[in-house]
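Worksheet for the structure shown next.
The values are calculated or read from the model by the stated rules, or taken from the named source; none is laboratory data. These figures come from a predicted structure and were not determined experimentally. When we count neighbours, we look across all protein chains shown, and the Cβ atoms used for this are built from the backbone with ideal geometry, even at glycine. Areas reflect the complete protein model, heavy atoms only, side chains present, ligands, DNA and RNA absent. Shrake-Rupley method; radii C 1.70, N 1.55, O 1.52, S 1.80 Å.
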Amino acid sequence: MRLEGRLDVDSTHALIRELFHHLGFVMQSAHPLKILEIVSYVASYVRKRDLTACALVSKTWYQAFNPSIWYDISWEPRRQFLPKAIHRHIQLKKGNLGPEIPESCLNGPRIWVFTDPILYFGALYLDFVT
Amino acid sequence: MKVTLESSDGQVFTVDKEVAELSVIIKEMLVIEQANQDHPIPLLNVGAVELAKVIEYCEHHRNDPTIDDDEDYDSRKKPIEMDDWDKQFTIVNKEMMFELILAANSMQVKPLLHLGCRYAADIVKRMSPTEIRDLFQIDDDFTPEEQDKIEWEKQWTKL
């Protein structure tokens, strides 16, 4: 196809529409729950007890739900305790020995714990023994 | 002031400007195309049925305060209000809701997008990963190594 002269607005719109009709089958096969952005929104509405099940659905879901499973506690600098142990905890995680934690938690005096309060103590315990 | 919108299958809808402006995309388009008001705005990946639903939603929520920041939507911190109208609105089958989520996503109608995501979150309540996969037709794309890693993580999260 050869385009001649200047395109006016109407024919441009018609052209774009035609193009989209050709691509139509691609557009329709899009599944909202395979799009990371949308799944992340879903993640913010899922109850805590369902988070782990959702994270195990697929890679995209895992990516979307992982930040919700983990959350961070940041201390006031003066109230920080056991900085060395926390550092080791993070090192341990970096060495891929513990569950995956998002990159963002590796900077700053933070420790990432499970949403489950009982397991939270489990994570702290790890700090003491290692 | 009126704005005309055109769905992917060529149907034209005329709505008030402030209704259309609930869509971030249209709002931005209107700023750019100020001089060119006599042409309908083409929404090339939104069908007529979905567009009608989206407009219905926007008409009802035209006076709502706009929330631009995604952070404000984090339901665990601050649940968004869902009135009776919204509840009535979400009584549709899941295919329709998925189409609406896609439409809301492409038009960037944030409140509707979040309403749809909330609907999806309600469906997955108390479901196992396999059930969710079957229901939404999502493929299990974890490799065997990742499966092992997940099995290992599972013992941490006490699934």
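Roughly how large is the A-B contact in terms of buried accessible area, totalled over both chains, probe 1.4 Å, nearest 100 Å²?
4400
How crowded by other chains is B:119-132, given as the mean number of beta carbons from other chains within 10 Å of each beta carbon? Before the final figure, lay out each step's value.
Details: counts 2, 8, 9, 4, 1, 10, 5, 4, 4, 4, 8, 3, 2, 8.
Across B:119-132, the average partner-chain Cβ count within 10 Å equals 5.
Can you pull the mean other chain C-beta count within 10 Å for peptide A:48-55?
Averaged over the peptide's residues, the number is 5.
Which whole number gives the average count of other chain Cβ atoms within 10 Å of the Cβ atoms across peptide B:102-109?
2
In nm, to one decimal, how far is the modelled label at B:Asp9 from the one at A:Leu36, with both set 7 Å along Cα→Cβ?
3.4
From a point 7 Å beyond the Cα of B:Lys2 in the direction of its Cβ, which residues of the stretch B:9-30 have a backbone N at a distance under 18 Å?
B:11-21
How many nm separate the modelled label positions at B:Thr90 and B:Gln147, each set 7 Å beyond the Cα in the direction of the Cβ?
3.5
Among the listed pairs B:Lys17/B:Lys87; A:Lys34/B:Lys27; B:Lys94/B:Lys125, which are separated by more than 24 Å between their Cα atoms?
Beyond 24 Å: B:Lys17/B:Lys87; A:Lys34/B:Lys27.
With a point put 7 Å past each Cα toward its Cβ, work out how far B:Asp16 is from A:Gln63 in nm, to one decimal.
Here the modelled spin labels are 4.1 nm apart.
Could you compute the net charge surrounding B:Met96? Neighbours are other residues with a C-beta less than 10 Å from the C-beta of B:Met96; K and R count +1, D and E count -1. Spell out each step's value before the answer.
Numbers: positive: B:Lys53, B:Lys94; negative: B:Glu50, B:Glu95, B:Glu99.
Charge balance in the 10 Å sphere: -1.
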